[in-house]
Amino acid sequence: MKRKTFIKVVLVLVIALTALFLYLFLTRNTLLDRVPFLPQRNPVPVFLYYLDDQGLNAPVGVATDDLDYIYITDTRNSRVVVFNNNGFKLRDFGQNHLDRPVSVSILKGSVYVADLALQRIQVFTSQGTFRETLVASGENKDVGVFIPTAVTVDDEKGLLFFTDAAWHRVVVLDRDGNFRFSFGSSGSGQGEFLYPNGIVLDTNKNIYVADSNNGRIQVFSPDGKEVIRVITGSGKQGGTFALPRGMAVDKSGRLWVVDSLAHNVSVFDDERKLFSFGKLGTEQGEFYFPNTVALDSVGRIYVTERGMNRVSVFTLSGNPLAR
Amino acid sequence: MLLRKVLLILLIVSVMLLQEAASDGSAPRRIEVVVTQEFGEFTAPTGKSFIILYWEELDNTAVQSEYAVFESKVDKNGLSWLEHGYGSRVTSPVSGEEGYLGYYRYPGIVTIESAQTDYQNYTYHVGTNPDNSYSSARVYPPSENYHANYQKNTATCQGCHSTHYARHPMLLNERIMYNICIECHGDTGTFSKYNVLQGTVEISPGVKVPSPAGAFDSVETTSFHNVFLEDDFESSSMFLLHAPGSGGEKYNLTCTDCHSAHVTSHSSGYRLLKFRTTPVTAYSYVSDGKYNVYYVNGMNSFCSNCHSYYNYGDGSEHDFPEHVLRQEDGDGIKKSGEFYRHPTNIQVSNWFDSYTERNFTLPLESRDGGKYMTCKTCHYAHGTAIIGEQVSPELTAIGETKYGYTTDEFGNRIAEPKDTSSMLKRLDGMGICLQCHLSQIWSNTAYEMQN
């Protein structure tokens, strides 16, 4: 091959590869959507690594943002710790404005933190600067007193949802902290809660509430007025979770549920339980009082473990995007 | 042949009589309490709810129960009882009740808005009278949970127990029990109104106040009963703790050494405190924005399960005699083991004058018209935040590193090793003593100035 021809071929290859990588980069979200998030048959959760900066003390809440940064409420250290998606700690914040933060959710660059002891929803910037108290127990007459256990957001409507263990209800606020509506009361009937905990929305804005002491997940219509489904863990009547808490919904609409006292994570589709993983233990892949689960855009699964002061990171076998 | 028949008949009659004797006045089993707005075909009026008590009477086929319902009402003026009459048979059992015989319901009514605060002031007793042969039921929390009614959700069993792969002789998943307990009673999750780590109790929705037992692990805690250590069942040694006043005995200490996880024949109605002979009888109530406890009996007996030499009076393990003070021509305080110790479980009303009566703030047991001091009069059960520290002469004498607590195997903070302790006392220094003994102090005390 002549030298000139060789250079031409190399040039063409370089241009082609550059164009291909540029295309992949620009369309990465679209492509990711096409990758099946869960393999259809017999997925096996694969342990990847721990998120731990050698100082977590009873981590409880976890959430991811658009950049796949992972926010963890380091509950007994009264702070939020942020990791990047390679497992490196980026920063921590909130020590002067938090006591027992137990849940976190991110809405358009703002970090909303539910604090169980202060009985407040605190708002920080994504860089960790304290912005405001969105709502404090007893200081908003429409909301009244409350003990927040979990928080989530509707990023399209700009709404914030939190579960309240004081009145056993769900409270919905707008971004300015104005009361929109609430639903639920103490009890074991349909639409009632006993110590509601995790809360999450699906793509249709249906509201999933971990009704912990009733051992079930209740799914509500977006306005909270109607119970459209009750997930009991095994399909039998009555609650069969031991202590359901944190939840997440993946892109395929499947529900991930942490059972804190069964020490496992279960995954459900619209009709049934697909699989579960984890058991009581301290080894990799085992859980020691897990509390909350979060998912990132490339299919990694983050599970906080209060009892082991760590966050376990998993992917599912066959997922080509997770490292 | 005839003799054998007669003997057989006599045996059968004896067994029947024994059964009859045993059932006479015995308490009904398995009381359950439900608070609901729906009761059969009835719906409570707006703002009201029903209280329903169920209990089993397996041998009773009559329409009426053998037992009546007594409602306790406790406030700062004391304890009183309201009798609601006998229960009656459930004629149309709802789902889940069909398998039981002799279920009865007692409908009550309270305003639902005040339910969570009001219910803390009530205990329902079911029996022949409120003071004898009863079973009791607390209205709050009125749901199946890990301590009662767990049979309705057997998934709760696996939270604590393992059939074939347990790590604890009671088939528990955990060697460190507290990790299970704080899942609900800790400060990182919530599943209960009691936060034992921070030492708070929720008296009404969202309102938390100090709990009567103190805090195990708040930032202010200076001493506490150490339930954070690993149990060591197979070998003696590092995790065993000396209990002052035990006579040198060592114990593992976990939450379940004091509290029964389930309602059993040896768990007190109050806080499920374990007992051998005398149950702890006490009633919590909310008054003036505070969480209070009206103690009646059993607390000293309970503490003496470990701290036996500190317990005097009736029923004490070492059968210490009653004291007659020297100024009353007695021999004074008797020795308990190797030491003279302040008596407990004794009537203290005679120490009270009008000043003491007005200013006394420590908890006493009230029974038979008298006031009794107990271990809990001077000490918290879980932990204290007072500053004053001292050493235990008894443990020094046997050369123990008494308060050498470290971190647990997961690095959780327990306490720094130290040689002294604030002994879970309720007040700094000798402040406790002055609550009774101020009138014995000479010089220009506040007492003298005011009198």
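The values are calculated or read from the model by the stated rules, or taken from the named source; none is laboratory data. These numbers come from a predicted model, not from an experiment. Every residue, glycine among them, receives a Cβ derived from its backbone with ideal geometry; neighbour counts consider all protein chains shown. Side chains included, ligands, DNA and RNA excluded: accessible areas come from the protein's heavy atoms. Shrake-Rupley method; radii C 1.70, N 1.55, O 1.52, S 1.80 Å.
Return yes or no: is B:G269 touching a residue at least 12 places away in the same chain (Cβ under 8 Å) and surrounded by fewer than 18 Cβ atoms within 10 Å (Cβ to Cβ)?
Details: touching a residue at least 12 places away in the same chain (Cβ under 8 Å): yes; surrounded by fewer than 18 Cβ atoms within 10 Å (Cβ to Cβ): no.
No.
For the stretch A:266-278, the condition of being within 15 Å of the chain's Cα centre (by Cα) and open to solvent by less than 40 Å² (accessible area, probe 1.4 Å) holds for at least one residue. Summed over the stretch A:297-309, the residues that are over 26 Å from B:T163 (Cβ atoms) and either surrounded by fewer than 22 Cβ atoms within 10 Å (Cβ to Cβ) or acidic (D, E) (or both) give a count of 3.
Residue-wise test of (1) within 18 Å of the chain's Cα centre (by Cα); (2) in a loop (DSSP other than H, G, I, E, B); (3) among the hydrophobic types (A, V, I, L, M, F, W, C).
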residue	(1), (2), (3)
A:I72	yes, no, yes
A:R76	no, no, no
A:V80	yes, no, yes
A:N96	no, yes, no
A:V104	yes, no, yes
A:V111	yes, no, yes
A:A114	yes, no, yes
A:F124	yes, no, yes
A:R131	no, no, no
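Using the structure shown, decide if A:L48 is more than 11 Å from chain B (Cβ to nearest Cβ) and assigned to a strand (DSSP E or B). Yes; evaluated as a whole, the condition is true for this residue.
Rundown of residues vs (1) in a loop (DSSP other than H, G, I, E, B); (2) of a type in the set (A, V, I, L, M, F, W, C); (3) touching a residue at least 12 places away in the same chain (Cβ under 8 Å), yes/no style:
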position	(1), (2), (3)
A:L274	no, yes, yes
A:T282	yes, no, yes
A:V298	yes, yes, yes
A:T304	no, no, yes
A:G318	yes, no, yes
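Filtered by the rule that a residue be under 15 Å from B:S211 (Cβ atoms) and either touching a Gly at 6+ places or on another chain (Cβ under 6 Å) or assigned to a loop (DSSP other than H, G, I, E, B) (or both), the stretch B:273-304 gives a lone residue, B:G289. If we keep just the residues of the stretch B:220-241 that are at pLDDT 75 or above and farther than 19 Å from B:E174 by Cβ, which is surrounded by the fewest Cβ atoms within 10 Å (Cβ to Cβ)? Per the stated criteria, the residue is B:E220. Number of residues in the stretch A:162-208 that are surrounded by fewer than 18 Cβ atoms within 10 Å (Cβ to Cβ) and of a type in the set (F, W, Y) equals 2.
Note on the stretch A:186-232: among residues that are of a type in the set (S, T, N, Q) and part of a strand (DSSP E or B), the one that is farthest from the other protein chains (Cβ to nearest Cβ) is A:Q218.
Applying the selection to the stretch B:202-223, what residues are acidic (D, E) and part of a loop (DSSP other than H, G, I, E, B)?
B:D217, B:E220
Among the residues making up the stretch A:114-131, those that are among the small types (G, A, S) and either touching a residue at least 40 places away in the same chain (Cβ under 8 Å) or touching a strand residue (DSSP E or B) at 6+ places or on another chain (Cβ under 6 Å) (or both) are A:A114, A:S126, A:G128. Out of the residues in the stretch A:279-296 that are surrounded by 18 or more Cβ atoms within 10 Å (Cβ to Cβ) and among the hydroxyl-bearing types (S, T, Y), state the one that is farthest from the chain's Cα centre (by Cα). Restricting to residues being surrounded by 18 or more Cβ atoms within 10 Å (Cβ to Cβ) and among the hydroxyl-bearing types (S, T, Y), the top hit is A:Y288.
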